[in-house]
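Derivation of every value follows stated rules applied to the coordinates shown; laboratory data play no part. It should be emphasised that the depicted structure is a prediction, and the values quoted were computed from it without experimental measurement. Glycine also receives a Cβ, built like all others from the backbone with ideal geometry; neighbour counts cover every protein chain displayed.
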Amino acid sequence: MEKFEKLTGLVVPLDRPNVDTDAVIPKQFLKSIKRTGFGPYLFDEWRYLDHGEPGMDCTDRPRNPDFVLNQQRYEGARILLARDNFGCGSSREHAPWALLDYGFRVIIAPSFADIFYNNCFKNGILPIVLPAEIVDRLFKEVSATPGYELAVDLPAQTVTTPAGEVMHFGVDPFRKHCLVNGLDDIGLTLQHVNEIKAYEQRRKQEAPWLF
Amino acid sequence: MAGKTLYDKLWDSHVVRCDDHGTCLLYIDRHLVHEVTSPQAFEGLRLAGRKPWRIAANLAVPDHNVPTTSRGRGIEDPVSRLQVQTLDSNCAEFGITEFKMDDPRQGIVHVIGPEQGATLPGMTVVCGDSHTSTHGAFGALAFGIGTSEVEHVLATQCLIQKKSKNMLMSVDGRPSPGITAKDIVLAIIGEIGTAGGTGYAIEFGGQAIAELSIEGRMTVCNMTIEAGARAGMIAVDDKTIAYLEKRPLAPQGALWGQAAAVWRELRSDPDAQFDRVARLDAAAIKPQVSWGTSPEMVVAVDGTVPDPDEEQDDVKREAMRAALSYMDLPPRTPVTDIRLDKVFIGSCTNSRIEDLRAAARIVEGRRVADNIKQALVVPGSGLIKRQAEGEGLDRVFIEAGFEWREPGCSMCLAMNADRLQPGERCASTSNRNFEGRQGQGGRTHLVSPAMAAAAAIAGRFVDIRELI
Ligand code: SF4
């Protein structure tokens, strides 16, 4: 996993609550057996006017001019600004894979769905929870200011606006540690092999029908 | 000291270790695997040169991509075919038990787990699928995970987790006749919202839940994720134990008695503390129909589609407008005026034998309305299909004009060939009414099996209470 420390990037506002992972990456693309190549199909049904299928070349597909990602001023955005309960629904990790493949490394929202939030950290994406009033204000500032960028600092746990306003965010220490250092969870867990084996031994006595 | 909740008990018995910040290694007893969320996990294992930690803990089945028409011709779509073949070859390579597409035990992963006794009380059960919450109906801690976690479980038999908060959702009293588990859970989601359970493990309790059948309890737990919580669960009682007895993977002989005695303790202590308690009066629940594109957008069948102008909150109002525009419904439309194009009875929410019986009772001796282009019944597993055929339910459906299909996820998410065409409106017993979920541009209304059956006959929604 690619590590994450600091990032200053263009912000794109996606102004609707309860964006589900079916919308982030529609089911037909889940047939892929790879982890990469999902970026062109991110938000496929909102982004394009035709029906997308896996393997399609997206360069000449008709784009929906009303969809925010298609507006030129947001081209190259690295930070997605979202509303409540972002990433709800299906557990598909294809959703963070698609966001990452498109170029997003940070998502800011007042709240996230649990599984999606968790999946982001496993893929080098930083989901940041900020209070709803602040997110609301950011939405206004972003639309009012072309080229609006935020500076995100994970070690310091801050987001800084172009005006220099610094906002703090919370993050679980273990997740932060893994993301800042780009660590592989499985490798970390396998440092505890003996404890896992001891647990299994004990459990076999207590509940032998489980083994 | 206060007593423990069911969730506390399940959590505590599976902790391998915790660090100072409460990040724990949680041991996983059962890992269910399907074709969509596993290929990258197996690939990861191979690349790292790792092996599955405990092969017998895994059970695999293809369900999302499989055709529901005759299996003889295989899978036409080459991309779907490759994904199912990839599951077959991964299971063969690592020695994992798989119910392949032509196995009579094949079916939707959350249906076959309990059916086989692969899901047992007191277990931790995970699967790369958010509806893993279904298995909580057995007093298990069951939740969906992402593909990285699928790989983590395969490699270590553990997951890195933090404990959730405890929530009790109590459904008090008795529902009226015709009200099913599906109506109860839709009413719960309508009440607490799709993010109402975020951060919590929800225990469902109260008289209405205790009186549900095990299958009804699975329906309720299935949709816990639609209320924002990863895990939902229900205490073990005699019904739980009776359901599991003699299932192929359940303990047998002396071990059965020993296990059942332990399982009976799997309920919250009377003095257990919950971080949040929500209550719903069962008697007030009416048959539910979703009107929008989020499972919290539900109304009673005798109600009307809401008017966004009456919503005070700006974000919610805009979301309602967007939903109504997608659904092509004017505000204040009476629900019983909504005419349908298709009907889908199936999915891990409502494809078990009781669901099929409930739908067949409504359908018997009647005909599907002329405006219904397609009415599908997709049993949750091959064994359910066989059982239903033994009871003659297939004849009832076919004679009424339904199509009787092979088991799988089917039009719940339309990864196979079963789907809505743009603009089509469907009464569906599945769990998600998201935009495009059942096919791009398709419009989904979530209902119970009996309500879906009645809608197929009338061609529009009808109040099931008038038919029983
Ligand atoms: S039936 Fe639907 S919700 Fe259930 S596992 Fe299949 S696709 Fe997911």
Relative contact order, percent, segment B:286-416 [alpha-carbon distance under 8 Å, six or more residues apart]:
21
Magnitude of the Cβ-charge dipole of chain A, K/R +1 and D/E -1, about the Cα centre, nearest 20 debye?
500
Once Lys and Arg are counted +1 and Asp and Glu -1 for all other residues with Cβ under 10 Å from that of residue B:104, the total becomes +1
Tell me, B:301, B:377, A:171 in order of fewest to most beta-carbon neighbours within 10 Å?
A:171, B:301, B:377
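For each pair in B:4/B:316; A:6/B:163; A:31/B:373; B:4/B:385, compute the distance between the two Cα atoms and list the pairs where it is over 32 Å.
Listed pairs above 32 Å: B:4/B:316; B:4/B:385.
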Ranked on Cβ counts within 10 Å of their own Cβ, fewest leading, A:94, A:168 go A:168, A:94
Two-site FRET efficiency, residue B:48 against residue B:391, from Cβ-Cβ distance with R₀ of 51 Å, rounded to 0.05:
0.55
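Rounded to the nearest 0.05, what FRET efficiency do residue B:103 and residue B:165 have when you use their Cβ-Cβ distance and R0 = 60 Å?
Efficiency at R0 = 60 Å is approximately 0.90.
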Measuring from its Cα centre, the protein assembly as shown shows a charge dipole (+1 at each Lys and Arg Cβ, -1 at each Asp and Glu Cβ) which, in debye to the nearest 20, is 1160
Assigning unit charges at the beta carbon (Lys, Arg +1; Asp, Glu -1) and nothing else, what dipole magnitude in debye, to the nearest 20, does segment B:189-296 show about its Cα centre?
280
Taking B:47, B:59 and counting other C-beta atoms within 10 Å, the order from fewest to most
B:47, B:59
Distance from segment B:260-306 to segment B:205-241 (C-alpha centre basis), Å:
9
Most positive-pole-ward Cα, A:54, A:111, A:17, against dipole of segment A:1-132 from beta carbon charges:
A:111
Protection proxy ranking, peptides B:38-44, B:267-273, average beta carbon neighbours within 10 Å, highest first
B:38-44, B:267-273
Candidates A:139, A:67, A:29, ranked by Gaussian network fluctuation over chain A, Cα under 10 Å, top entry
A:67
So for chain B, taking the charge dipole from beta-carbon charges (+1 Lys/Arg, -1 Asp/Glu), which of B:255, B:23, B:60 sits furthest toward the positive end?
B:255
Points 7 angstrom from Cα along the Cβ direction at residue B:247 and residue A:75: gap in nanometres?
5.6
When chain A is treated as a Gaussian network with springs between alpha carbons less than 10 Å apart, the largest mean-square fluctuation among A:170, A:87, A:52 is found at A:170
Cut-off 16 Å, label 7 Å out along Cα→Cβ of residue B:373, residues of segment B:421-436 by amide N:
B:421-428, B:436
Using a Förster radius of 35 Å, what is the FRET efficiency between residue B:265 and residue B:92 based on their Cβ-Cβ separation? Nearest 0.05, please.
0.30
Residue by residue, what Karplus-based ³J(HN,Hα) values in Hz, rounded to whole numbers, does segment B:417-428 have, using 6.51, -1.76 and 1.60 with θ = phi - 60° and x for Gly and Pro?
7, 7, 7, 7, 8, x, x, 6, 10, 10, 8, 10
